[in-house]
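Have a look at the structure below before the remarks.
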Amino acid sequence: MTAAPLLTVRNLQAWYGRAHILMGVDLQVDRGEVVALMGRNGAGKTTTMKAVMGLLDARAGSVTFDGRDVSALPPHRIARHGLGYVPEDRRVFTDLTVEENLEVGRQPPRPGAPAWTPERLYALFPNLAEMRGRRGGRMSGGEQQMLTLARTLMGNPSLVLLDEPSEGLAPRIVQQMAEAVRTLKAEGLSILLSEQNLSFAGAVADRACVIEKGRIRFDGPMRTLLDDEDARRAYLAV
Amino acid sequence: MSFYLVQFLSGLATAATLFLVSSGLTIVFGVTRIVNFAHGSFYMLGAYIGWSLIERWGTTPMGFWGGVALASLAVGLLGALMEVGLLRRLYRSPELFQLLATFGVVLIVQDVASAAWGAEDLLGRRAPGLKGSVDILDQPFPLYDLVLIGLGPVVLGLLWLLFNRTRWGTLVRAATQDREMASALGVDPARLFTGVLFLGSALAGLGGALQVPREAVTLHMDMAIVVEAFVVVVVGGMGSLTGAFVASLLIGQLQAFGILIFPQITLVLVFLFMAVVLVLRPYGLLGRAEDAPPTAASTGPPLVLASGLGRWAPALLLAALALVPLVAGDYTLIVLTEVIILALVAASLHLLIGLGGLVSFGHAAYFGLGAYGAALAVKHLAAPMPLALAAAPLLAGAGALLAGWFCVRRSGLYFAMLTLAFAQIAWSVVFQWYGVTGGDNGILGVWPPGWASGKAAYYWLTLALAGGTLLLLRRAAFAPFGYTLRAGRDSALRAEAVGIDVRRHQWLAFALAGASAGLAGGLYAFSKGSVFPTLMAVPVSVDALVMVLMGGIQTLSGPVVGAAVFHLLETQAMSLTDWWRLGLGLVIVLLVLVFPKGIAGFARDLWLRRVDR
Amino acid sequence: MSLLVVENLQRAFGGVKAVRGVSFALAAGEVLALIGPNGAGKSTCFNLLNGQLRPDAGTVRLDGVDLVGLPPRRIWRLGVGRTFQITATFASMTVAENVQMVFLSRAHRLLGLWTPAAGAFRDEALALLDRVGMAAQADRPCGVLAYGDLKRVELAMALAGDPKILLMDEPTAGMAPGERQDLMALTSSLVRERGLAVLFTEHDMDVVFGHATRIIVLDRGQLIAEGPPDAVRADPRVQAVYLGSPA
């Protein structure tokens, strides 16, 4: 039998104030898959992530995660079902130490998802191991990005929503980030990441969904998008 | 020498209570970002409940301390109940509405306590086993106070352990900083907040119950302590427990020794101290910039000059009001005169809050300064009414220029606390400077001359002056002055980057608002024939805030509507029932729950929705 | 002839020296990119130029006028416009009103209490909005705009101040690649039209090498390279600290 997708989003709509941002987004993520949600700024990538995570009040449509309808649940309930969220603006708890940041994310292990401990995460992100007692506010942007991801992993999620992981990072840190994403995929984690950086997305994702004006315009293997210059030009203007 | 030691120790005892109460306030604020006016009410309830339990079982040490603990627990539960029943529904409302809701709770608790325990002051039993005193260098010092002194550091230590060594504490600190992110990580914020409200309120209740052997339990405890606790929290740095501890110690000593050194200005001392601290250390002693609360007013939708009929609404309303004396009697005119005066107070406060994002807790100072400006001109200079009415906005405007210069250097809640400090300073000057102001006897005989003494004539005069100023404030909101004020509120960074001197503009707005409130004060003085220090006391400032918030801060008509509704409710309720506070409190709580954008904001939304179709 | 001359700029935070003796010059018609790894001191440099921070030492001269110690609003009046990394606009006002505010400020008309602001300098504002492609959205509130559009509004606001120099802090951060090129092409054409000078920081190397006429590279508070794009791209030190070896 074919396993049902881990995440299925159908006809997702969302509003900011009176502005209608998402006009019916459909996408899915299979178990173990890395999907890149691509698109111009303002196309609705971040809004899609927030709406899936339950962080927007004004939303409609269905979100099914791991066999459950989560579209009406508050964020903390969604998170407890094993959906992790890494925001684009990092939002590290600046007053808390690295260890305490990880503690906030901690949830019980979940069958069918990789199980994380602080020690395993320090092995994955050696930078963090050297600064366990440092406060989040005293870390560089790249270190904060690593911490945010590690913090979310402490919840032992089966799927992580990774919003713009390469944004605002120096090229060297972007390479480290891509490395981390590939490692996580090898651990069996599913990832939905939003990206504008085609080379980053191309390096880590199996499949690409291109969003434009609140709707998905392209959904296919990453390879296809990379090879199809017309599609890239039409959707991403590169 | 020994006398000073005892004075020092009694300062420490005061500090211990102060710390218990303000630690609860700072914790609740830190996590929920709610300025909880009801915190003082929990303190008072702790004292009342503690008094009852100690009366029943307080003959033995077990019974006494059990009673204190039980009172604290009961108050903690009430706090949790308030979170579940009220605050939980308001976390997404503007912060000011949360403040308004907690003020509604203050009013409700006032009347409930009065019904349950009566209006008489209650003297409590002293703690068994600690009734005596010990001699310290031959000076007697109460044993009970020594126990209190020890309690402060113990509570601080326990709280520190709770917040730094337990998972719950870590989650609370995380949610304090970023509620939404914490919930995206699986933390249920609602449960956390209920726990925090329980803890904070229980600390207030504990502080109250521990006061029973030391002082009489009264219905005035709530406001007195909450203002002091705010001072402690702000001086220490918002959200900092250690800061609150240090500030409690300093203020305890200030009160113990201040009375020896400056008996004339005891009332001002604490507030002067806070003003000095805030000017020197913008975020309090141990506060840090990132903990500073955001400006309370949220960025609203654009103000739109109404078109068509709506454009003429203010003028039509003025015209209609001008015709009222032709049909109404004296009582109606008196009430309407007051409504118009209060509308001007509310509108001038709205200039600061709604357009400038500057929440003033001390606007009554300028209303009162205006009233005293007029009254002093009459009393000492025998000035005729027109001259006295001119003195009102001048004195208030000058006071606002002086206070505003300091206040606009800070933002958010720190701005609010500085305005409160200056209001308290103004109040104490008026209260303690008998020779000039007559102290709490006030100034009597401030009546209008013959031509304006009829109720209708004075009503028209008020309508012309206050209504004219209201129109000016309205024009100013749509003129560059108002836009610039909003620009500074929306983004001070951008405003400075396009050549706007945000601080100076806010300063001028503060003065304009002060002068307008002053004119209202002058008109009020002549309508009542007398002035008293209570005109510039905290409750009047709170009333003005309630009016603005009831009406809604996102519209210009809001404060006018709010003033009318508030004053009519108050006068009607007061004449009908002794339980008017309870009624008003319930109305406020209901209004906040039903109309989170205020009455006028709600009406405008309805209208916009209709227009949309 | 240099418009802006920066000499030996220094600034420390606590014990950390964020900017250690930076000197460079900027002439009209130039589009100068300031690049470097995170934490190199780019934002600090910017804030020192624009008056948000005060340097510990060094001079900043615009047309010979010393800018050190002046608040941002005075520096703006002398002709330094700015856009922010995270857009800063007046969210409660419409797009046009945002630009009108700048004109009102330039004309020293902020204290007016009577004449409505909505009509003041509206035509001038609309003309600028047309130039940056935002005329169609002139009457929408800034609070609901898409990010890329906000960046354009910021550009129009900066232009309304009639600046000699434009400081742009990561002007294309948060935009899609196509939009980035559009915005920078627009900036370049404005430089030609108005004889502006632009100094910008940026992480997107396509934007930097596609639009800068000259590049300076900052690492740990010091300039380590300066020159035309091709020379900087080939500089081994720059590759080591920042760009990574060519693929």
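Taking amide hydrogens as placed 1.01 Å from N in the peptide plane, the amide H of C:VAL19 sits under 5 Å from those of C:ARG11, each at least 5 positions away in sequence or on another chain.
Working from the Cα coordinates of the protein assembly as shown, the gyration tensor eigenvalues give, after taking √(5λ), semi-axes of 52, 38, 29 Å in decreasing order. Derived value for segment C:9-146: Kirkwood hydrodynamic radius 17.5 Å. Basis is the mean of 1/r over every pair of different alpha-carbon atoms.
Each residue, A:ASN127 and A:LYS213, gets one label point 7 Å from its Cα in the Cβ direction; the gap between the two is 3.9 nm. Computed from the alpha carbon positions, the gyration tensor of chain B leads to an equivalent ellipsoid with semi-axes of 41, 29, 24 Å, biggest first. Converting the Cα gyration tensor eigenvalues of segment B:308-612 into ellipsoid dimensions via √(5λ) gives semi-axes, longest first, of 28, 25, 19 Å.
If the Kirkwood radius is taken over C-alpha pairs of segment B:37-118, then at 4 °C and 1.567 mPa s the Stokes-Einstein diffusion coefficient equals 95 µm²/s. Residues of segment C:95-110 with backbone nitrogen within less than 14 Å of a virtual label 7 Å along the Cα-to-Cβ line of C:ARG122, please, listed as ranges. Once the point is set 7 Å along Cα→Cβ of C:ARG122, C:95-101 turn out to lie under 14 Å by backbone N, inside segment C:95-110. Close amide H contacts of C:ASP219 (hydrogens built in the peptide plane, cut-off under 5 Å, sequence separation of 5 or more or a different chain): C:ILE224.
Residues whose amide H falls under 5 Å from that of B:SER133, counting only those 5 or more places apart or on a different chain, are B:LEU143, with hydrogens built in the peptide plane.
Which one of C:VAL132, B:TYR434, A:GLY188 has its Cα pushed farthest toward the positive end of the charge dipole of the protein assembly as shown, where Lys and Arg give +1 and Asp and Glu give -1 at the Cβ? Value: C:VAL132.
For segment A:149-238, trypsin sites (Lys or Arg not before Pro) meeting the loop criterion (DSSP other than H, G, I, E, B) and having at most 15 other Cβ atoms within 10 Å: A:LYS213. Find the centroid of the Cα atoms in segment A:57-134 and in segment B:377-431, then give the distance between the two in whole Å. Taking the Cα centre of segment B:377-431 as reference, the centre of segment A:57-134 is 53 Å away. For the pair segment B:235-253 and segment B:21-91, the centres of their Cα atoms are 20 angstrom apart. Per-residue Karplus couplings for segment B:167-180, computed as 6.51 cos²θ - 1.76 cosθ + 1.60 with θ equal to phi - 60°, are listed in order as 4, 4, x, 4, 5, 4, 5, 5, 5, 4, 7, 8, 4, 5 Hz, Gly and Pro entered as x.
Using the Cβ-Cβ distance between C:ARG20 and A:ASP30 with R0 = 45 Å, the FRET efficiency computed as 1/(1 + (r/R0)^6) comes to roughly 0.30.
With the charge dipole of the protein assembly as shown set up from +1 on Lys and Arg Cβ and -1 on Asp and Glu Cβ about the Cα centre, the Cα lying farthest toward the positive end among the listed residues C:LEU218, B:THR60, C:SER189 is that of C:SER189.
The calculated FRET efficiency for B:LEU576 paired with B:ALA328, based on their beta-carbon distance and R0 = 25 Å, is about 0.75.
Within chain C, the proportion of Cα pairs with more than 23 Å between them is 51 percent. Simple spin-label estimate for A:ARG110 and B:LEU158 gives 3.8 nm between the two label positions (7 Å along the Cα-to-Cβ direction from each Cα).
Computed across chain A, the Kirkwood hydrodynamic radius from all distinct Cα-Cα pairs reaches 18.0 Å. Remark on segment B:413-553: ratio of C-alpha radius of gyration to 2.2 N^0.38 Å is 1.26. Phi angles of segment C:14-22 translate, via the Karplus equation with coefficients 6.51, -1.76, 1.60 and θ = phi - 60°, into HN-Hα couplings of x, x, 8, 7, 7, 10, 10, x, 9 Hz per residue; Gly and Pro are given as x. Using the Cβ-Cβ distance between A:ASP227 and B:ALA390 with R0 = 60 Å, the FRET efficiency computed as 1/(1 + (r/R0)^6) comes to roughly 0.15. Where a Cα-Cα gap under 13 Å defines reach, which aspartates and glutamates qualify for C:LYS42, not counting those fewer than 8 residues away within the same chain? Once the sequence-local aspartates and glutamates are set aside, what remains near C:LYS42 is C:ASP169, C:GLU170, C:GLU202, C:ASP219.
Relative to one another, the C-alpha centroids of segment B:165-183 and segment B:490-517 are positioned 36 Å apart. Magnitude of the charge dipole for segment A:7-236, about its Cα centre and with charges confined to Cβ atoms of Lys, Arg (+1) and Asp, Glu (-1), is about 420 debye.
Based on alpha carbons, the Rg and Dmax found for segment C:81-162 are 11.7, 36 Å.
Each reported figure results from applying straightforward, stated rules to the coordinates on display, with no laboratory input. Just so you know, these numbers come straight off a predicted model, no measurement behind them. Cβ sites come from the backbone with ideal geometry, for glycine too, and all protein chains shown count toward neighbours.
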